[in-house]
1. Quick check for you: which residues of the stretch 14-48 have the amide N under 20 Å from the point 7 Å beyond the Cα of residue 54 toward its beta carbon?
2. Which of the helices in the chain meet the span-like rule: DSSP H, Cα axial reach of 24 Å or more, Kyte-Doolittle mean at least 0.5?
3. Given springs between every Cα pair under 10 Å in a Gaussian network model of the chain, which of 127, 158, 47 has the largest fluctuation?
4. Would you kindly derive the ³J(HN,Hα) couplings of the stretch 22-27 from the backbone phi angles with the Karplus curve 6.51 cos²θ - 1.76 cosθ + 1.60 (θ = phi - 60°), listing them in order in whole Hz, with x for Gly and Pro?
5. Describe numerically, in nm with one decimal, the distance between label points set 7 Å from Cα along Cα→Cβ at residue 161 and at residue 197.
6. Using helices alone, what [θ] at 222 nm do you get for the chain, with -39,500 (n - 2.57) per DSSP H run of 4 or more residues, divided over all residues and rounded to the nearest 500?
7. Normalising by the residue count of the chain, find the relative contact order in percent from Cα pairs under 8 Å and 6+ residues apart.
8. Please give the per residue accessible area of the stretch 152-230, computed with a probe of 1.4 Å over protein heavy atoms only, in Å².
Amino acid sequence: MAPRLIYLHGLAGGPELSPAVAGLTDIDVIAPVLPGFDGGPGFEPPSDHLGWLTLVWDALDATGALPCPVIGASVGGMLAAELAVLRPEAVTRLALLAPLGLFDADDPGEDPFAVPGPARLPLLFSSDVPTPFLESFPDREPAEQLVARFLVQVAAASLVWPFPDRGLAGRLHRLTAPTLLVWGEADRIAPVALAERWPADERVHVPGAGHMVEWDAPEQVGSALQKWVS
């Protein structure tokens, strides 16, 4: 049986695996959709961070993959870090791709929820928005696609708005899993200066890449991930 890992997608949702993660060889990648990010009706965001963590942990436990390495991107990185801090036995290795969760009031970055909807996705990438995000939920009717995409934004905003800070900074000293940190130097959402505030055993800064670094620089990020999880 191939070794397994869990991949938690980023702020824009998870229409499919990023090229960086999809290219990992000899590894069974399990990529659950975070609660609320499936675009389904009836989802009510939890009232607090603990409620979110409970939903996410239940979803991860349901995969049966833990304990294993965990890769988390953006908001998925914030949740992966929380998992590694509070359930260290569940995460054997950790890779964080421009994780949210820390905030610098002097250098806050751009707020994707302070701009009109069509301007949000372009903030996340340094290049063109990848087709899977422009054509998400292709199995649904056009009107249903618009609703589903809006519900994904509601779920994302409930996790990180108005500030992506839920006290994680006070818990990071408990992070014991070997940790790889990857950050795009052109990140407009989480400025690259935040990388220095994260504990890590190895750091990779990617010139020219934006917040969704695993999509902007799939070869470089994929190579770093392959080395790390192997």
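The values are calculated or read from the model by the stated rules, or taken from the named source; none is laboratory data. Just so you know, these numbers come straight off a predicted model, no measurement behind them. Note that we place each Cβ from the backbone using ideal geometry, even for glycine, and neighbour counts take in every protein chain shown. SASA here: full protein model, heavy atoms, side chains in, ligands and nucleic acids out. Shrake-Rupley method; radii C 1.70, N 1.55, O 1.52, S 1.80 Å.
1. 34-37, 42-48
2. 142-160
3. Of the options given, 47 has the highest mean-square fluctuation.
4. Each residue's phi maps through the Karplus curve to give 4, x, 5, 9, 6, 9 Hz.
5. 2.1 nm
6. It lands at -9500 deg cm²/dmol.
7. Computed over the chain, the figure is 26 percent.
8. Roughly 44 Å² per residue, with all protein chains present.
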